[in-house]
Amino acid sequence: MEKMEQTRADCNLECMDETLNDLKSYVARAAQQGVAAHEVEADVWRQVLRLGRQAMQLLFDLVGPGDVGETPELPDGHQVRRLDGLHRRVYQSIFGRFEVERTVYGSRQGQKIEYVPFDTQLQLPEGDFSYLLQDWCQGLAVEHAYRRVPETLGRILDIKPPVDSLERMNVKMAQRVGGFRQSRPAPEPEAEGALCVVSADGKGIPLRRPSPEVPIEAHDRDQTPKTNRKKMAVVGAVYTIDPFVRTPEEIVDSLFRDPDREAPRVKRPEPQHKRLWASLPHDQDGEITSATDETFAWLAQEVVRRNPKADTPTVWLMDGQKSLWEAAQRDLPSDNTVEILDLLHATPRIWEAAHLFYDRDSDGALDFVYDRVLRILRGEVRSVVSGLRQMGTKRKFRGKKRAKLATICGYLQNNAPRMRYDVYLAAGYPIASGVIEGACRHFVKDRMERSGMRWTIESAQAMLDVRSTYLNGDWDAFMAYRIEKENQRLYPYRELVDPIDMPEETELSMAA
């Protein structure tokens with residue numbers, strides 16, 4: 001057997017030498033004949049793929065089938081026996097598909113395989129796809145629809161992994177995200193900003209549900225149950241940033257600036273070490289786990305990890321959704337915190353009020369909003385609310401108009417403690433949650449809400465987990481962590497495998 005494997009290895013070395021010589025000869029001919037660079041590039045790439053396939057086959061031949069004797073003993077003292085025949089497995093690499101045959105060990109024929117020296121030596125993945133191919137597949141899948149991945153890889157590698165395999169791969173990969181997040185060290189304090197900012201918001205994801213059976217008598221179209229619904233994911237973001245002091249006048253000027261007028265160039269501090277994650281409600285042990293609870297539990301861990309002594313002010317910056325503020329007050333550390341209502345969720349209420357008193361797109365409405373927003377930024381929220389109520393009384397609002405104005409005033413009144421913008425601006429705190437708004441759009445919508453997309457809870461959560469790792473800039477670290485953990489699980493007997501004793505003639509021919 002060893003001699004046969006050596007013959008295969010020698011044959012593959014010769015093939016590699018031949019491929020390399022062909023490549024050198026081709027480049028020389030291309031230079032002489034004036035072949036276009038893009039044609040040479042394409043031909044060279046095909047030869048490189050061919051060379052890579054030969055190199056992988058050489059690796060498998062040099063390792064051999066992994067026969068370590070009739071009855072090796074495992075470190076726990078358990079003795080296993082060599083099972084009859086060679087067992088085949090698939091290894092789908094970036095260089096193509098390989099079918100390898102190797103020796104396996106177990107208690108007896110037909111029982112669970114307990115030890116495979118070949119797989120252990122090469123630390124092969126549990127499934128068919130190589131770790132590198134998984135990396136490339138999911139690196140594409142977190143940004144593009146699954147169907148685009150085989151199209152792209154097919155053009156580059158002539159490999160087209162099935163869409164259902166990509167989906168299963170994503171779900172399996174996501175199982176390691178939680179442990180990875182726990183393992184990550186906090187950023188160095190000197191690399192952090194002087195403020196810790198926490199934001200959260202909701203974003204709907206279209207779900208795929210089984211189509212319910214419609215009673216035969218339900219012929220009316222309106223009686224047919226709808227099968228597609230959105231489920232709300234709660235998106236969380238934590239980052240640090242340095243203070244940026246501004247005046248109410250600067251803010252209102254930026255909000256009402258003529259779009260044709262160039263904005264003044266101001267160097268703003270950049271968010272540091274932004275971390276995103278999102279959770280969907282899901283069934284856990286027969287009970288529905290709240291997406292809000294899950295996300296805020298993670299936010300709390302991040303805040304403690306990034307600001308353990310609470311010596312950095314923590315800004316809670318969100319819209320007016322009551323459930324989010326309740327979760328923040330319940331779950332987040334409360335020392336040295338500031339609650340801020342996103343200004344861009346307050347200004348729409350002022351526009352709504354303006355349209356109760358003035359025609360849309362009128363100068364009166366614009367002046368009304370400009371004046372009230374500036375006063376709110378100066379800390380005059382309660383005065384603005386009082387003025388709105390007085391105007392409604394003078395105009396003798398009734399019915400829907402009166403109810404609408406009452407709703408607007410109630411919103412502003414209830415959130416007044418979080419609208420002390422004059423204090424926030426003087427301290428350099430952020431007052432608009434552009435980070436979380438951008439996260440909901442880019443993190444969730446841009447990947448999860450494309451035309452025709454429908455998800456299950458499991459597949460959507462898996463994509464959110466894996467995509468967050470990618471967007472957080474942790475992709476390479478996550479891949480290394482995942483492979484390490486998988487190897488620890490799959491190959492607890494790694495120390496049993498001895499280094500390959502390569503014959504001198506093979507070493508010489510490789511060196512040559």
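A compact table of results
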quantity	calculated
Which numbered condition residue 83 misses (of (1) over 34 Å from the mean Cα position of the chain (by Cα); (2) open to solvent by 30 Å² or more (accessible area, probe 1.4 Å); (3) not basic (Lys, Arg))	(2)
Candidate set: the stretch 329-373, residues that are small (Gly, Ala, Ser) and under 41 Å from the mean Cα position of the chain (by Cα); chosen: the one nearest to residue 295 (Cα to Cα)	334
Helices (runs of 4 or more DSSP H) contained entirely in the stretch 120-191, each with at least 2 residues that are more than 24 Å from residue 474 (Cβ to Cβ)	148-157, 163-174
Entirely in the stretch 240-315, the strands (runs of 3 or more DSSP E) that have 2 or more residues that are surrounded by fewer than 12 Cβ atoms within 10 Å (Cβ to Cβ)	282-284, 287-289
Neighbours by Cβ (under 6 Å, 6+ apart or cross-chain): first from the stretch 29-58, in contact (Cβ under 8 Å) with a residue 40 or more places away in the chain and under 30 Å from residue 11 (Cβ atoms); second loosely packed, with under 15 Cβ neighbours inside 10 Å and among the hydrophobic types (A, V, I, L, M, F, W, C)	none
Qualifying residue in the stretch 331-338 (condition: polar (S, T, N, Q) and in contact (Cβ under 8 Å) with a residue 40 or more places away in the chain)	no
Some residue of the stretch 448-456 being of a type in the set (Asp, Glu) and either modelled with pLDDT of 95 or more or open to solvent by 50 Å² or more (accessible area, probe 1.4 Å) (or both)	no
Filter pass, residue 101 being outside any helix (DSSP H, G or I), in contact with a Lys or Arg (Cβ under 7 Å, 6 or more places away or on another chain) and either under 27 Å from residue 137 (Cα atoms) or among the basic types (Lys, Arg) (or both)	yes
Residue among 69, 139 that is open to solvent by less than 30 Å² (accessible area, probe 1.4 Å) and at positive phi	69
Filter result (under 23 Å from residue 468 (Cα atoms) and in contact (Cβ under 8 Å) with a residue 12 or more places away in the chain) within the stretch 162-171	163, 165, 166, 167, 169, 170, 171
Only one of 285, 253 that is at positive phi and of a type in the set (D, E, K, R)	285
Candidate set: the stretch 428-470, residues that are in a helix (DSSP H, G or I) and among the basic types (Lys, Arg); chosen: the one nearest to residue 241 (Cα to Cα)	441
Residue identified as among the aliphatic types (A, V, I, L, M) and open to solvent by less than 20 Å² (accessible area, probe 1.4 Å) among 74, 49	74
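The values are calculated or read from the model by the stated rules, or taken from the named source; none is laboratory data. In this text the structure is predicted, and so the values were computed from the model without any measurement. Glycine gets a Cβ as well: all are built from the backbone with ideal geometry, and neighbour counts include every protein chain shown. We work out accessible area using only protein heavy atoms, side chains counted, and drop any ligands, DNA or RNA first. Shrake-Rupley method; radii C 1.70, N 1.55, O 1.52, S 1.80 Å.
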